[in-house]
1. Using the structure shown, decide if Ala20 is over 23 Å from His110 (Cα atoms), free of Cβ contacts under 8 Å to residues at least 40 places away in the same chain and either within 15 Å of the chain's Cα centre (by Cα) or surrounded by 14 or more Cβ atoms within 10 Å (Cβ to Cβ) (or both).
2. Looking at the structure I just gave you, is Ala153 modelled with pLDDT under 95, assigned to a helix (DSSP H, G or I) and surrounded by fewer than 16 Cβ atoms within 10 Å (Cβ to Cβ)?
3. Which one is nearest to Asp41 (Cα to Cα) among residues in segment 103-131 that are of a type in the set (Asp, Glu) and modelled with pLDDT of 95 or more?
4. Kindly provide the set of residues from segment 91-109 that are part of a helix (DSSP H, G or I), more than 18 Å from the chain's Cα centre (by Cα) and closer than 21 Å to Thr170 by Cα, ordered by number.
5. Can you tell me how many residues in segment 156-199 are charged (D, E, K, R) and not in a loop (DSSP other than H, G, I, E, B)?
6. Tell me the residue from Asp31, Asp25, Asp88 that is in contact (Cβ under 8 Å) with a residue 40 or more places away in the chain, of a type outside the set (Ser, Thr, Tyr) and in a helix (DSSP H, G or I), please.
7. Pairs only if they're at least six apart or on different chains, beta carbon under 7 angstrom, first in segment 167-181 and under 10 Å from Met48 (Cα atoms) and free of Cβ contacts under 8 Å to residues at least 60 places away in the same chain, second assigned to a helix (DSSP H, G or I) and among the polar types (S, T, N, Q); list them, first residue then second.
8. Being within 25 Å of Gly121 (Cβ to Cβ), surrounded by 14 or more Cβ atoms within 10 Å (Cβ to Cβ) and not basic (Lys, Arg): is that true of Gly6 here?
Amino acid sequence: MDDTSGLVVGADGQARCSWASSTPDYMAYHDHEWGKPVLGDDALFERMSLEAFQSGLAWITILRKRPAFRAAFAGFVIEKVAAFSDTDHARLMADAGIVRNRMKVDATLHNARVAADLPDGLAGLLWSYAPDPTPPRPAARADVPALTPESTAMAKDLKKRGFKFVGPTTAYALMQATGMVDDHLAGCWVPPHKRPATP
């Protein structure tokens, strides 16, 4: 198997989705995080925020800056970020460890306030758009979509509720990363997960 199939076999003999083979950071993320169900409100807020920061950038940039993002945004605890002040905003814009994009920083603080006001929590809202049953794994890289009807509906609902920087493509990347869909390719060594009970 090689990159033309969407799978590559690593030095450890394991077949992986080809995007995971370029750096050790990607391999660790692919093997231990990507596609595993994430159910907590704060954890999902972190993923949503980082996907928004990734827009227009390589994911590896965000992945390598994630410890700095977590420190800067109080661990992405929704209630804490929602209470950030103008002083916090200025601190974020001066923090070279993160992506200092004013629109994305503003959107993250705004989204925390919107998430804090959700009556049933962020996890319940996001997971309500996870397809049930989970679709089968894609056979090849070409079969992995950029967006789906579910991600489009999620993005529309999030926008209606006031969230920013979460379009259909970003919503689908969020669904992939947090196990709402399983886009590890058929043949990838990472075991399929069981669909969790909805939050």
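The values are calculated or read from the model by the stated rules, or taken from the named source; none is laboratory data. Source: prediction; values computed, not measured. Methodologically, a virtual Cβ is constructed for each residue, glycine included, from the backbone with ideal geometry; neighbour enumeration extends over all protein chains shown.
1. The answer is yes for Ala20.
2. The answer is no for Ala153.
3. The extreme case among them is Asp117.
4. If the condition is that a residue be part of a helix (DSSP H, G or I), more than 18 Å from the chain's Cα centre (by Cα) and closer than 21 Å to Thr170 by Cα, then Arg102, Met103, Asp106 are the ones that fit.
5. Within segment 156-199, residues that are charged (D, E, K, R) and not in a loop (DSSP other than H, G, I, E, B) number 5.
6. Matching residue, one of Asp31, Asp25, Asp88: Asp31.
7. These pairs meet every condition: Ala171/Ser151; Met175/Ser151.
8. Spelling it out, it is not the case that Gly6 is within 25 Å of Gly121 (Cβ to Cβ), surrounded by 14 or more Cβ atoms within 10 Å (Cβ to Cβ) and not basic (Lys, Arg).
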